[in-house]
Amino acid sequence: MKESNKITSDDQLDEPSAVSFWQALLFWLKLGFISFGGPAGQIAIMHQELVERRRWISEQRFLHALNYCMLLPGPEAQQLATYLGWLMHRTWGGIVAGVLFVLPSLFILIALSWAYLVYGDVAWVAGLFYGIKPAVAAIVFHAAHRIGSRALTNNLMWGIAAAAFVAIFALNIPFPYIVVLAAATGYLGGRWLPAYFASNSGHGSAKKSVAKALIDDHTPTPAHAIFRWPRLVMILCCGMLLWAMPLLALWAFWGWEHTFTQMAWFFTKAALLTFGGAYAVLPYVYQGAVGYYGWLTPTQMIDGLALGETTPGPLIMIVAFVGFIGGYVNATFGADMAFIAGALAAGIVTWFTFLPSFIFIFAGAPFIETTHNDLKFTAPLTAITAAVVGVILNLALFFGYHILWPAGFAGPLEWLSAAIAVVAGVALFRYKINVIKVIAVSAFIGLALSLLQLT
């Protein structure tokens, strides 16, 4: 009888239940509120939830989608959520996943930006997230280990990861160049050394540890995900209309030199420059928003970065803070409606920052899905995955350094942060505790320490 029960359980593991649109919507809504940790932490959460726990998508298909998102300008974690939502439930699934990834963060940042301007005090936020920052460093290390344990399956993949780490850590080579070099290496390697780049070589361990997924390695490409030229043209035309019509409306209502219109145009350009993540485009945003337009001061920009790092959603959501401050201070609708002006400005910059990401996914994902078993297309993406491991490791070291030695190595070690990071690391690596629980406990510890210091 016990053996029979075991077989039944195994069979159930091999046949995951279908996921309805509304079930997926609830998950994407939850993800929007818990997506801390920057892109690496957010991708780690999605991997743990969708690949390992819920088994909505297989390891290989997840990484194939992630590799494409890594190539695009814009926030890769939000694009990955859009991609997976689209793959499961067509265009509306992608829209819901992508919007809900951003929307909670937008509302939270509008509220925090208002509190920041009105009360001039975000100490309680800093206290709450004092514990989150070292936990984030541990999460990023854990993400590098998780992805690396599956992607670095031979010496050549290890070599690509090591080269990427040296390139970004020691040589300060921009991330887009690393991606291009990794893709070129994968393309040539797929032709000359195909055994090293075959998909089964990169995911063998995953197949042993993860049961069959709803969208598995060999699940046929859904009809809506097959590449078609007419659909591509339609997506591009719709995307251009969704970009041009609001911009022209702002121009018609307030003129080209108005703050709202200039924000729409400036953040459209910024959205197309975000190769390599938010940190790569922040200097451009700083130069334009602070130096050229004067929407906020240097101190406000730094405070906004702190808020962006410690709220859910992609770090590039700092643009909502920039927009709110600029709209609020300019008081377009009068002093009594400064909040409305700030909230509208935050919504405008968010629209023009994230719209290109949706267009990139809906236009390009069908081509990526159609080619997921073709070595000449998958080999470059396999090499990019290996390179990303080295880049994530560099990010983890960057976080660790600035969190544990905020004044540099010459300054004192933040031993409380170090203790939280170690505890978080042990919880993740040794006890496999859910990332969300680690973040929640770390936040509570940070808040408690902050309150003790105030008493």
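Figures for the structure shown
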| item | result |
| --- | --- |
| Vicinal HN-Hα couplings computed from phi for the range 183-188 (Karplus, 6.51 cos²θ - 1.76 cosθ + 1.60; Hz; Gly/Pro x) | 5, 5, 4, x, 5, 5 |
| Computed lengthening from Phe367 to Tyr431, 0.36 nm per intervening residue step minus Cα-Cα distance | 19.1 nm |
| Charge-dipole axis of the chain as Lys and Arg at +1 and Asp and Glu at -1 on Cβ define it, positive-most pick from Trp92, Phe165, Gly190 | Gly190 |
| Cα-based shape type of the range 322-454, given that a ≥ b ≥ c are square roots of the gyration tensor eigenvalues and the cut on a/c is 1.5 | oblate |
| Under-5 Å amide H pairs with Ile215, H placed in peptide plane, nonlocal only | Ile57, Ser58 |
| Relative contact order (%) - criterion: Cα under 8 Å, at least six apart; region: the chain | 31 percent |
| Amide H within-cut-off set for Ser35, under 5 Å, with H built and near neighbours excluded | Gly313 |
| Total lysine pairs under 27 Å (Cα atoms) in the chain, excluding pairs fewer than 8 apart on one chain | 22 |
| Charge dipole (debye, nearest 20) of the chain; +1 at Cβ of Lys and Arg, -1 at Cβ of Asp and Glu | 800 debye |
| Solvent-accessible ranking of Thr299, Thr268, Thr221, largest area first, probe 1.4 Å | Thr299, Thr221, Thr268 |
| Solvent-accessible area of His258 with every protein chain in place, 1.4 Å probe, in Å² to the nearest 10 | 40 Å² |
| Dipole magnitude of the range 298-455 about its Cα centre (Cβ charges: Lys, Arg +1; Asp, Glu -1), debye to nearest 20 | 420 debye |
| Cα lying deepest toward the dipole's positive end in the chain, options Leu103, Pro39, Thr370, charges on Cβ | Thr370 |
| Between the range 344-410 and the range 16-93, the alpha-carbon center distance in angstrom | 13 Å |
| Among [x] 236; [y] 164; [z] 128, the entry derived from the coordinates for volume of the Cα convex hull per residue in Å³ | [y] |
| Extreme residue, positive dipole direction of the chain, given options Gly74, Val285, His224 (C-beta unit charges) | His224 |
| Candidate residues Met46, Met234: accessible-area rank, largest first, probe 1.4 Å | Met234, Met46 |
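The values are calculated or read from the model by the stated rules, or taken from the named source; none is laboratory data. Because the structure is a prediction, the values reported are computed rather than measured. Note that we place each Cβ from the backbone using ideal geometry, even for glycine, and neighbour counts take in every protein chain shown. For accessibility, only protein heavy atoms count, side chains too; no ligands or nucleic acids. Shrake-Rupley method; radii C 1.70, N 1.55, O 1.52, S 1.80 Å.
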